[in-house]
Structures are given as structure tokens and as C-alpha cells.
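Have a look at the structure below, then the notes.
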Amino acid sequence: MLQRTYIKNLKKHIGEEVLIKGSIYALRAQSSVSFIVLRDITGTAQVVIVKNSTPDIFNLVKSLSLETAISVQGIVKAEDKAPNHVEIEASSISVISPSLPELPIPVYEKGSETTSNLRHQYRFLDIRKPKNALIMKLSGAFDRYYREFLTQQGFIEIHTPKLMPTPSESSSDLFEVNYFDRKAYLAQSPQLYKQMAIAGGLEKVFEVGPIFRAEKSFTTRHATECTCYDVEMAYIKDHEDIIKLEENMIAFILTKMKEEYGDEVKQLYGIDIKVPETPFPRITMKEAKQLLGSFDDGSDLSSEEEKALGDHFAAKGHDFVFLTDFPITARPFYHKYYEDKPCTKSADLIYKGVEITTLAQREERPDVLVKQLIAKGLGTTDIQWYLDFFKYGVPPHGGWGLGGSRFLKQMLNLESIRDTMFLFRGVNHLNP
Ligand code: ATP
Ligand code: MG
């Protein structure tokens, strides 16, 4: 009995008999010869069925529908015109699992004939498309290289609870859940708990996990549930240490992703993965507002302004830019403030005009923290458990939250983060 060969390895087996398994991606029947494009998770291959040499298989193929899972046995031949320059002349074909003849959405798409909503309704068929399967591979690779980089730097991976007694970021955009006889909240970020890990002496921690935000936004960069990539690090000088760590990490991840998937990304998306040079450019919020001719009212940049800033740096050859020194009014109470200006020691990383990260040094002095909390009009009662961390010697620290789906969207120049997620969750999207 032959072992299964994956399609990407066929080139190594020219002249040999192989067994391949996969789904029928395309089918073309002619009078004396038929062609199947077979797809497995590693690629696609052309299978040829010649009427004269294998009349039984030739007849079977006529009855098969697209997306049926089959196995094919045959000889691998070099063929310049076929994808991957090989084809298989089938000597036997058997059906593993048939597909209904009418597909609700095409898997083999010529253009983009299916609407996004319909595609996502039938996501299990949608991700059969090689372009979408590649996004899933890239998303997994991002996780892997994120872990690899941080683990090499001595970071400890932690998992913090997603059910919380108090809101983690703000009291708006919050999902409330029934928790026996009281209320709980879904974590908007692991912020408070990762700082608890610093108070717990772990020094360098990271987490990859879900965050939940009940924001009624219908943008191309917001989901109600998404995966956030967090870091928190102690004994820093200021937020510049976090900036350096992040730019080195991004360069590392993109180098690795390019090595592993550069060819496939080029082939399916027509994009060269660009590994950025470090250091990335930095610009203060004040400078950015001047550059964009915007009124400086202490607010965050709008998405249009972020885009314009991205375009400005793209023209100079930079995909990434750190936007630094955010005004206090645009940042939460726990960010560290400068002594001499109403700004925070924080930054956003903008990737091709979209925020993908917010990072900051945190305020670790308990009296200052309480002052900042009150100045923002917030109470101390609900969050006393957090404030208590800082009473027992907590070193200066900081970290980031990075949105993985935004990273992939920008890397592949996609229209929305929706296609970067296995299943998207939005205001109107809770199914399947
Ligand atoms: P925005 O202003 O764009 O709504 P934010 O500043 O509220 O984002 P942060 O609290 O800074 O978001 O979260 C850290 C990172 O997590 C963001 O930079 C982004 O990449 C990602 N992120 C936050 N909220 C969402 C969301 N609803 N959907 C997808 N990614 C998100
Ligand atoms: Mg932010």
C-alpha cells in the first residue's frame, strides 16, 4: 500500500507511482481525455485521465462533482504547462467523500463573484480557497514566531482570565455576562492582569489571547472578539525600551514569514513581503498634527489622519512608523505621564496607515496612579484590587497590545480584518 504524498512534494517523485488525496478543485472533461485539478492543503496538481488507457476511471470522473474528496494513484510526469510543472497520469481514482453537485459558493473563483456576507456564511467552503487557507497558515506562523522571538528573549507566556470582576479598559464597549448571582465582564484586554504578573515578579511576560469589545463599529479594522498579542516587561528605562523590542520583533517575524511563505504570498497575492529596516521612524503626536495640518485638540488621530500619516512615510519607503508622546487626554489613567509636558510615555505603531499597536510605560507609583485615576473622573473602589499591586514594590514597566488581524490585513493589503480571522465576530455577525 502506497503512502500518501503531499502535492507540494510531487516534484521529488517524477517517474514514480504516487498516491495523493484531496478535493476536486476544477474538472474539465473532453472527448478523449479529462483533467482534474486536485487540491490538498499544500497545493494543487493536475491529474490527467486518458479514455483509451483507463476507460473505467474516465467514466467515473464524468459523474464526480467539484469539491468531492478523492484519492488518486498514478505516475508523476514533468509537464511544463501544468501548475508546479508536474502532472499525474491517473491509474486509479476512488471517492473518499462525495460533495453535493451544487455548491452554495464557488471554491474555484475566477474573480470575486461572491459577496463577503455569503462567503462568511459558508466559511467552511470559503477557507478551502488557497488564498484564504494561506491566511490561516500566516496567522499560525505569526503566533509561532511571536512566541519564538519572545521566548528567546526570556519572556514567560501567561494566560489571564477572560471573565473579570471589573472592566479592564473602560466602562464603555463592555460585554456584561451573568455570573451566578452577579455580573462579570469579558476582558477587553489583559492589561490589569499582565501588570499583576509584573507585580508578581515575573519581569517579562507575554500573552496571546482573545479580547472582547462591544463596540458598535462597522469599520474594516474592528471586531467584537479578536486575538491580541500582549507583552509586559519590567525594569525598563521608559517606553523607548518597548518600542525597540517591538521593532526588532516585527523585523524578526517578517523575516521568518518571508522565508517560510514568501513564495506563496507572491504567487497568490502578488505581494513581496517587505522586511522593514530598524529602527522604524518615530514622530510625536504634535509633529504629526503639524505635518497633517490638523487642529491639535488633544485627541487621537482619526483613521483618515492615520492613513495620511502612513502615506507620508510610505513615500519615504517606510511601512511602519511609531507615533509617540500622546496627549494625556487621549490615553488611559495607567500610562506614565511626562513630568514636563501634558503627554504620556506611550506610542502607537502605525503599519501602512493603520494602528496595529498601542504601547506605553505604566505608572507604578501608587499615589500618582490614584491621582491620575481621580483626575480622569474615575473612582478607586472597583479597581482597588489593581491599585493594591503597587504598594509592595513594583519596578518600572511597560508593554503593548498588538492586533494580529490588523497586522495580517496590512501585510496582505486586504480590505478588511474579516478575512484574516477564522470566524469573524462583529455587531451583525454571531453565526456560524
Ligand atoms: P482603535 O482606536 O483603532 O479602535 P484602540 O486604540 O481602541 O483601537 P487598543 O486598546 O490600543 O485599541 O488595543 C491594542 C490593539 O489591539 C490595537 O492597536 C489593535 O491592533 C487591536 N484592537 C483593539 N481593538 C480591536 C478591535 N475591536 N478589533 C480588532 N483589533 C483591535
Ligand atoms: Mg490604541
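The values are calculated or read from the model by the stated rules, or taken from the named source; none is laboratory data. What you see is a predicted model, and the numbers here were worked out from it, not measured in a lab. Glycine gets a Cβ as well: all are built from the backbone with ideal geometry, and neighbour counts include every protein chain shown. What goes into the accessible areas is simple: the full protein's heavy atoms, side chains included, and nothing from ligands, DNA or RNA. Shrake-Rupley method; radii C 1.70, N 1.55, O 1.52, S 1.80 Å.
Applying the selection to the stretch 340-357, what residues are touching a Phe, Trp or Tyr at 6+ places or on another chain (Cβ under 7 Å) and either more than 13 Å from ligand 1 (Cβ to nearest atom) or open to solvent by 10 Å² or more (accessible area, probe 1.4 Å) (or both)?
Cys343, Lys345
Would you call Leu10 more than 30 Å from Asn431 (Cβ to Cβ), at pLDDT 95 or above and in a loop (DSSP other than H, G, I, E, B)?
On the way: more than 30 Å from Asn431 (Cβ to Cβ): yes; at pLDDT 95 or above: yes; in a loop (DSSP other than H, G, I, E, B): no.
Taking the combined requirement at face value, the residue does not satisfy it.
Enumerate the pairs (first residue in the stretch 296-313 and more than 10 Å from Met285 (Cβ to Cβ); second residue anywhere and among the hydroxyl-bearing types (Ser, Thr, Tyr) and within 13 Å of ligand 1 (Cβ to nearest atom)) with beta-carbon separation below 8 Å, excluding pairs fewer than 6 apart on the same chain, so at least 6 apart or on different chains.
Final answer for the pair search is Ser303/Thr219; Gly310/Tyr351.
Exactly one of these conditions fails for Gln384: (1) closer than 25 Å to Asp230 by Cα; (2) within 13 Å of ligand 1 (Cβ to nearest atom). Give me its number.
(2)
Just to be sure, is Phe326 farther than 14 Å from Glu240 by Cα and either of a type outside the set (Asp, Glu) or open to solvent by 10 Å² or more (accessible area, probe 1.4 Å) (or both)? So that I can check it myself, show each step before the final result.
Numbers: farther than 14 Å from Glu240 by Cα: no; either of a type outside the set (Asp, Glu) or open to solvent by 10 Å² or more (accessible area, probe 1.4 Å) (or both): yes.
Judged against the criteria, Phe326 is not a match.
In the stretch 260-378, which helices (runs of 4 or more DSSP H) lie fully inside it and hold 2 or more residues that are at negative phi, over 24 Å from the mean Cα position of the chain (by Cα) and not hydrophobic (A, V, I, L, M, F, W, C)?
Working: elements: 285-292, 303-314, 366-375.
Result: 285-292, 366-375.
Spot the failing condition for Ile88; the list is (1) surrounded by 13 or more Cβ atoms within 10 Å (Cβ to Cβ); (2) out of contact with any Pro (no Cβ under 6 Å at 6 or more places or on another chain); (3) without any contact (Cβ under 8 Å) to a residue 24 or more places away in the chain, and only one is missed.
Ile88 satisfies all of (1) surrounded by 13 or more Cβ atoms within 10 Å (Cβ to Cβ); (2) out of contact with any Pro (no Cβ under 6 Å at 6 or more places or on another chain); (3) without any contact (Cβ under 8 Å) to a residue 24 or more places away in the chain except (3).
Among the candidates Leu423, Leu387, Leu408, which residue alone is modelled with pLDDT of 95 or more and more than 30 Å from the chain's Cα centre (by Cα)? Outline the logic, then answer.
Values: Leu423 fails: more than 30 Å from the chain's Cα centre (by Cα); Leu408 fails: more than 30 Å from the chain's Cα centre (by Cα).
Among Leu423, Leu387, Leu408, only Leu387 is modelled with pLDDT of 95 or more and more than 30 Å from the chain's Cα centre (by Cα).
Would you call Gly111 surrounded by fewer than 17 Cβ atoms within 10 Å (Cβ to Cβ), modelled with pLDDT of 95 or more and either within 14 Å of ligand 1 (Cβ to nearest atom) or of a type in the set (Gly, Ala, Ser) (or both)?
On the way: surrounded by fewer than 17 Cβ atoms within 10 Å (Cβ to Cβ): yes; modelled with pLDDT of 95 or more: no; either within 14 Å of ligand 1 (Cβ to nearest atom) or of a type in the set (Gly, Ala, Ser) (or both): yes.
For Gly111, the condition - surrounded by fewer than 17 Cβ atoms within 10 Å (Cβ to Cβ), modelled with pLDDT of 95 or more and either within 14 Å of ligand 1 (Cβ to nearest atom) or of a type in the set (Gly, Ala, Ser) (or both) - is not met.
Given (1) in contact (Cβ under 8 Å) with a residue 60 or more places away in the chain; (2) in contact with a strand residue (DSSP E or B) (Cβ under 7 Å, 6 or more places away or on another chain), where does Tyr235 come up short, assuming only one miss?
So the condition that Tyr235 fails would be (2).
Of (1) touching an Asp or Glu at 6+ places or on another chain (Cβ under 8 Å); (2) in contact (Cβ under 8 Å) with a residue 24 or more places away in the chain; (3) assigned to a helix (DSSP H, G or I), Ser139 satisfies all except one. Which?
(1)
Can you tell me which residue within the stretch 202-221, out of those that are open to solvent by less than 40 Å² (accessible area, probe 1.4 Å) and within 16 Å of Leu402 (Cα to Cα), is farthest from ligand 1 (Cβ to nearest atom)?
Val205
Yes/no per residue for (1) within 32 Å of the chain's Cα centre (by Cα); (2) in a helix (DSSP H, G or I); (3) under 15 Å from Ile20 (Cα atoms):
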position: Gly74; (1), (2), (3): no, no, yes
position: Lys77; (1), (2), (3): no, no, yes
position: Glu87; (1), (2), (3): no, no, yes
position: Ile93; (1), (2), (3): no, no, yes
position: Leu100; (1), (2), (3): no, no, no
position: Leu103; (1), (2), (3): yes, no, no
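Just to be sure I understand the filter: pairs with C-beta atoms under 7 Å, separated by 6 or more residues or on different chains, first member in the stretch 1-19 and touching a residue at least 24 places away in the same chain (Cβ under 8 Å) and open to solvent by less than 60 Å² (accessible area, probe 1.4 Å), second member among the hydrophobic types (A, V, I, L, M, F, W, C) and in a loop (DSSP other than H, G, I, E, B). Which pairs pass?
Within 7 Å, the pairs are Val18/Leu2; Leu19/Leu2.
Mind checking which residues of the stretch 5-37 are of a type in the set (Phe, Trp, Tyr) and over 18 Å from Ser53 (Cα atoms)? Talk me through it step by step, then tell me what you get.
Step one: filter the stretch 5-37 for residues of a type in the set (Phe, Trp, Tyr), giving 6, 25, 35.
Matches in the stretch 5-37: Tyr6, Tyr25.
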